[in-house]
Structures are given as structure tokens and as C-alpha cells.
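**Student:** Below are the C-alpha cells for one structure; questions will follow.
Here, each number is a calculation from the coordinates, and none is a lab measurement. Note that the structure is predicted; figures quoted are calculated from it, not measured. Heads up, the Cβs are rebuilt from the backbone with ideal geometry, glycines too, and the neighbour counts pull from every protein chain shown.
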Ligand code: GLN
């Protein structure tokens, strides 16, 4: 090697999702680890992509996103949250949620800025902050209720606090922050210089009568927030990598400066197809019910097993406690189950910076009922 290279992310390896999926494939195990559906995308939606291509939508989309899709998103926020978004000044289509998160962080984080994240935290937040020289300030939440002590969070705030990141509904905990908690967050941010990044990619998957929550519905939060959402979770198309970011005009303006140089614009035919598909918002409104049945199937199916199910209010992840079965650490136990019982899950510890061992595994239930029935059979045998 004729050059030397200092890693910008020396502590980062391959993500746990890639690792567990690889192990699942190698072991021919049921893969309930990485969060993706194993059922088909609606053929109607696929046909709409072909139609868009046949209709000539094959060149660059506008940098900010195809207009029909931006209009559809505006309509969604109006109907579901009674919130009005300006499709030209406040909304940018991105290559999935992760890119929107990356770009929002890149837009605002400078060296020495502090960013508060809540652990267990989705894996991309901390490395992205560190890549831009920011300092991650983790707030550790523990099973089974993962409750946030807002007074404690207040003690972490100072002049360097640039950003707070929340994920609501939360991957991996399945917790949903409702108006009361969001109100506490608004109080915390009041009078500070800190911004909010609200990752809402599971917004339409909430259970037991809960209604979707967006920080856009709270003016004090909206005025300082980047809100990120994704069509991968909404349309069962995680491979399409299309999402968006909503932020006030001043933030959107800066966001787009970065976006135009790392992505420029997002693939065109899929944007047209999604716009047409979501013209009728009944699909969106039915998503919670669709996944609630799957959650119930899995939850009820393992009631008599030795796993203890943790509460799941939203997302398509269920956490299960195996402390009655083994004392092994989470990663080791997850590998053991993949190898010996042919079922792959995600260790909860993967979402914490410092090692934890709460003997909890995350199970994805965005799966065909048959897959879930096979998983239930296995989990009951362990
Ligand atoms: N969002 C998916 C999950 O939580 C993972 C996506 C990825 O592999 N980066 O499982």
C-alpha cells in the first residue's frame, strides 16, 4: 500500500442487520432479523412503475423531487395530521430515510456540536454525527418500558447542544411517544438553539387505537425540526429507497445544498408510481390494522413459550426477553438461535454504544403469516 489512511469511523464495522441476514442465509434460517417484508409488493404498484417508464419518465427528476409525489405528500399531511406543508419550500424527496437522516445531520453538525440521542438507537445516527465531528450524547433507556426521564435529558442540554434525534414510533423498542411526551420535548427545547431530527419512518404503523403522531403537528417543534419519513416501510418496498425530509424553509434551503451534491435527484419512475398509488389515502390508513394482526399473531402464538413479550405499540418489531431460557449474552444467543434453531433475530445490545445485556432480542413481524407460524413453532420449542 503506497498510502496511509486513518479511518474516519474507526469503531464502525458491518451493521448488525447485514451480519444477521448473512448468517440467516448461510444457515438457511428464518430471517426475522433485518426489518423487511417477505411478502410481495402490490402488483398494481409495480405496474405503475412500468407505466411511468413507458410514459417517458426516465430522465432526472427535479432536485427537490417529482411534483406529483410532493403533492401527494402534502395531501397526506393535510388529511392525516391537518398540517399544511409547502411542497416547494419545505419538502425534499430523498433516496430513502437513511439518506435523509445523513443529509440532515451533514447540514447542521459541525465539529464539537453535541447531539442527544436516545438508546437503544437506530444504528446510523451516531456514526453520521461522528463523521461530521459531532459528539454523541446518549440517553440510555432500558427495557421493559424504555421510559424517558425528561428532567435528566434537561441536565444534558447546554450551549453546544445542536440537535436532538428522536425516532417515533421507535425502532427497536416499539414505543410510541404521544402528545404528552412530545409536549415535554417542546418544553425542553424552548428558548434553546437546538434543532430536532424526528425520524418518523414507522409513523403509519401504530396499534391499539393509537393514531399516527408527527412533530409537524406541534408548532413549537415543527419550527425547528427535520422530519424524515420513508416509502419503504409504507409500501413494503424497502429496496426502492425512497423517502423524504420536511423542514421549515430556512432548514430545507440548507438541506438541499447538501442533497444536491450527494444525491442530486431521486429515481424518477418510482416517484411517479408512488404518487399515483397513494392518490387514495385509504391504503395508508389501513396499514396499522394490517400490521396489528401480524403483531397479535406472533404475540399470542408465543404466549405459552418461555420468551416474555415486551409491549409493542408500533413499528413492525417485537422484543422478546429470553432470561428464563439462557444467561448467554444477546449477540451470542442470537447466533446460537440462528445456527441451532434456524431463526435469526437482532440482539437489542446492537442499538447501544456501551455494552448492555438485557437478554432481549428484536423480532421483525413484517412477514407472511406462514413465516410467522413457522417462527412461532420454533420459538415454542426453545
Ligand atoms: N431498518 C432496518 C432494520 O431496522 C435495517 C435496514 C438496514 O439494513 N440498514 O432492521
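**Student:** Which whole-number percent is the relative contact order of the range 157-215 (Cα, under 8 Å, 6+ apart)?
**Tutor:** Once normalised by length, the contact order is 45 percent.
**Student:** Continuing with this model, one more query. Could you check which residue among 170, 357, 31 shows the biggest mean-square fluctuation in a GNM of the chain with a 10 Å Cα cutoff?
**Tutor:** Most flexible of the set in this elastic network: 357.
**Student:** Still on this structure, please answer the following. Report, as a whole number in µm² per second, the diffusion coefficient that Stokes-Einstein gives for the range 66-145 at 4 °C and 1.567 mPa s using the Kirkwood radius over alpha carbon pairs.
**Tutor:** The Stokes-Einstein estimate is 87 µm²/s.
**Student:** Let me ask another. Looking at the chain as a GNM with Cα springs under 10 Å, which of 326, 305, 214 has the largest mean-square fluctuation?
**Tutor:** Looking only at 326, 305, 214, the largest GNM fluctuation is found for 326.
**Student:** Also: Return the percentage of antiparallel bridges among DSSP beta bridges fully within the chain, rounded to the nearest 5 %.
**Tutor:** The antiparallel fraction comes to roughly 45 percent.
**Student:** Kindly state, to the nearest 0.05, the FRET efficiency for residue 84 paired with residue 369, given R0 = 41 Å and r defined as their beta-carbon distance.
**Tutor:** Efficiency computed from Cβ-Cβ geometry: 0.55.
**Student:** For residue 38 and residue 3 in one chain, what is 0.36 nm times their gap in residues minus the Cα-Cα distance, to one decimal in nm?
**Tutor:** Full extension of this stretch gives 8.2 nm more.
**Student:** Name the residue, out of 78, 259, 11, whose mean-square fluctuation peaks in a Gaussian network model built on the chain with Cα pairs under 10 Å.
**Tutor:** In the Gaussian network model the winner is 11.
**Student:** Just from its helices, what would the mean residue ellipticity at 222 nm be for the chain, if runs of 4 or more DSSP H residues each count -39500 (n - 2.57) and the sum is divided by every residue, rounded to the nearest 500 deg cm²/dmol?
**Tutor:** Roughly -11500 deg cm²/dmol at 222 nm, from the helical runs in the chain.
**Student:** Can you sort 240, 150 from fewest to most other Cβ atoms within 10 Å of each residue's own Cβ?
**Tutor:** 150, 240
**Student:** Per 10 Å bin from zero, what fraction in whole % of the C-alpha pairs of the chain is there, up to the bin with the longest pair?
**Tutor:** 5, 23, 32, 27, 12, 1, 0
**Student:** What's the center-to-center distance, using Cα atoms, between the range 302-381 and the range 222-243 in Å?
**Tutor:** The two parts, judged by their Cα centres, are 26 Å apart.
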